[in-house]
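The structure appears right after this line, and notes come after that.
The values are calculated or read from the model by the stated rules, or taken from the named source; none is laboratory data. None of these values were measured; they are calculated from a predicted model. Heads up, the Cβs are rebuilt from the backbone with ideal geometry, glycines too, and the neighbour counts pull from every protein chain shown. Ligands, DNA and RNA are stripped out before the accessible areas are found, and what is left, the full protein with its side chains, is counted by its heavy atoms. Shrake-Rupley method; radii C 1.70, N 1.55, O 1.52, S 1.80 Å.
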Amino acid sequence: MDKYVINGGNKLSGKIRIESAKNSVLPIIAGSILTNQQVVIKNCPKIKDVYAMLEILSYLGGKWTFEQGDLILNNASLNRYDIPKELASPVRSSVFMLGALLCRFKKAKIHQPGGCNIGKRPIDLHILALEDLGVKTECLGEQIICSAKEIKTNNIYLNYPSVGTTENIILCSVLSKGKTQIFNAAKEPEIVDLMKFLNSMGAKIYGAGTSTILIDGVENLSGTEFTPMFDRIECGTFMLATAITGGEIELSNCNAKNISLLTNKLCNNTCKITINNDIIYIKSGGKPKGFSFATNPYPQFPTDLQAQTMSLLCVSEGVSTITENVFENRFNHVNELVKMGADISVKGKTAIVKGVKRLNGKTVTATDLRGGASLVLAGLNAEGQTTVENVYYIERGYSDFDKKLRSLGADIIKQG
Ligand code: UD1
């Protein structure tokens, strides 16, 4: 198992370009099976979750290749609608294939999807929504078997604005005869990106980014060349890495609007942040001050930045509280941070963090993607050497994380 070895204490400085968003690219790859023509995803990040989706496509009969950072997909020869356990269970995003396969074949047979160990992560909302679209669903052990004579149109009310469910309904309905509406839809910017991608292929989808989305079915979709939005979570992670090391960096290919809650928190926290078109410049202003926040669906504070923000609060002045409202088991990183000298106590879904002067280097283990990133940030701050084991999890969502940090002056190496 690969690990990162970090000698803490270096201030980050320099420039990096933020990648296209993992959470945009994954449903977009599923959406690529809705046409027989070529789809090009510009600047596609080469992360493990993307390769896991591409392995699924290869199994289904699709073709793909990377050309200088662009992903070229051609799914004209797709000839299967089943996804076995070994391909479905490593990633949560395999669930997007459910809606896309149903749209294309009116049939889908997939093993229960997996993904990070951050809670139960059921797919009941996906299944209920597909049933609302006239899909017959059956669970045989861990297999989900779905079929429909045709995908019906409907008004679908979500009792929780689930990101993946909203995307699955869109993927399933885009070629239906008539109009489908989603009420209480998730409003994440990556859903707007999925709408833009499908509309660039000829779909008629309106309202993504608001709580009501209208999908007006079209007969077919054509190929496209699409540049996904920036990865707001990668951007936030590097901003927090800068704040925790007392550094100063410039991030390009960003849309500051999509990450304003974090930038506001950091501005009130002694950091200086300047925004110029797609560039975010961040300079730490010394010892950070603690603050409190609660994670919730967009536009509120993203759960995917909770762990990395916690690392900063561990070495901030005063007492901070963090309430995790999205996932029920997303504090796996707490025990590891405590090993490094952090003062954190968890009561239900709230963590109370009392700032300490500095963390201490230790051997710690990543158990999920963002929690793993938080341990790297802690290691950048810590006195002495930190070893983060199981970096496989981190590489699911960050491309070249160690190389990028090294280019910014961090002392971090990857060892096999
Ligand atoms: C997506 C993101 C993930 C992010 C999350 C919340 C992708 C590929 N992943 O995940 O990075 O952390 O949004 O912003 O875009 N739930 C159910 N039943 C369901 C579906 C969801 O109970 O059928 C629950 C989940 O267990 C979780 C909450 O709803 O507690 C939010 O899940 P959801 O918004 O669906 O997140 P994902 O699409 O899995």
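Points worth noting:
- Exceeding the 23 Å Cα-Cα cut-off - candidates LYS48/LYS347; LYS11/LYS46; LYS42/LYS404; LYS46/LYS107: LYS48/LYS347; LYS11/LYS46; LYS46/LYS107
- Each other residue within a Cβ distance under 15 Å of GLU67 adds +1 if Lys or Arg and -1 if Asp or Glu, for a net charge of +1.
- LEU214 paired with GLN68, simple spin-label distance in nm, labels 7 Å along Cα-to-beta-carbon: 4.1 nm
- Helix content alone sets the calculated 222 nm mean residue ellipticity of the chain: runs of n ≥ 4 DSSP H residues at -39500 (n - 2.57) each, divided across all residues, give -9000 deg cm²/dmol.
- Protection proxy ranking for 77-83, 345-351, 257-263, using the average of other Cβ atoms within 10 Å per residue and placing the highest first: 257-263, 77-83, 345-351.
- Cα gyration tensor category, rounded, prolate or oblate, for segment 252-411 with a/c compared to 1.5: rounded
- Rg to Rh quotient for segment 176-333, alpha carbon positions, Kirkwood Rh: 1.06
- Within segment 16-78, the percentage of alpha carbon pairs spaced more than 13 angstrom apart rounds to 58%.
- Burial order of peptide ranges 353-359, 154-160, 378-384 (average beta-carbon count within 10 Å, highest first): 378-384, 353-359, 154-160
- For segment 36-175, taking the reciprocal of the average inverse distance between every pair of different Cα atoms yields a Kirkwood hydrodynamic radius of 15.6 Å.
- Among beta bridges that DSSP assigns inside segment 255-341, antiparallel share in %, nearest 5: 50 percent
- Reciprocal of mean inverse Cα separation for segment 317-403 (Kirkwood radius, Å): 13.4 Å
- Here the chain exposes an accessible surface that is 47 percent carbon and sulfur, computed with a 1.4 Å probe and the other protein chains kept in place.
- Between VAL319 and VAL338, residue separation times 0.36 nm minus the direct Cα-Cα distance comes to 5.3 nm.
- Summed residue charge, Cβ within 11 Å of ASN360's Cβ, Lys/Arg positive, Asp/Glu negative: +3
- In a fully extended conformation the segment linking TYR59 and LYS257 would gain 67.4 nm over its present Cα-Cα distance, using 0.36 nm per residue.
- Entry comment: accessible area of the chain is 39 Å² per residue, from protein heavy atoms only and a probe of 1.4 Å.
- Spacing of the two label points (7 Å from each Cα toward its C-beta) at ASN184 and TYR160, in nm: 1.1 nm
- Axial C-alpha extent at least 15 Å, average Kyte-Doolittle at least 0.0 - helices from the chain (DSSP): 48-60, 163-173, 189-200, 232-245, 369-381
- Count Lys and Arg as plus one, Asp and Glu as minus one, and take only other residues whose Cβ is under 14 Å from that of ILE244; the net charge is then +4.
- For q = 0.08, 0.09, 0.13 Å⁻¹, Debye-computed log10 I/I(0) when each Cα of the chain counts as one equal scatterer: -0.43, -0.54, -1.09
- Pairwise label distance in nanometres, LYS106 with GLN37, each label 7 Å out on the Cα-Cβ vector: 2.5 nm
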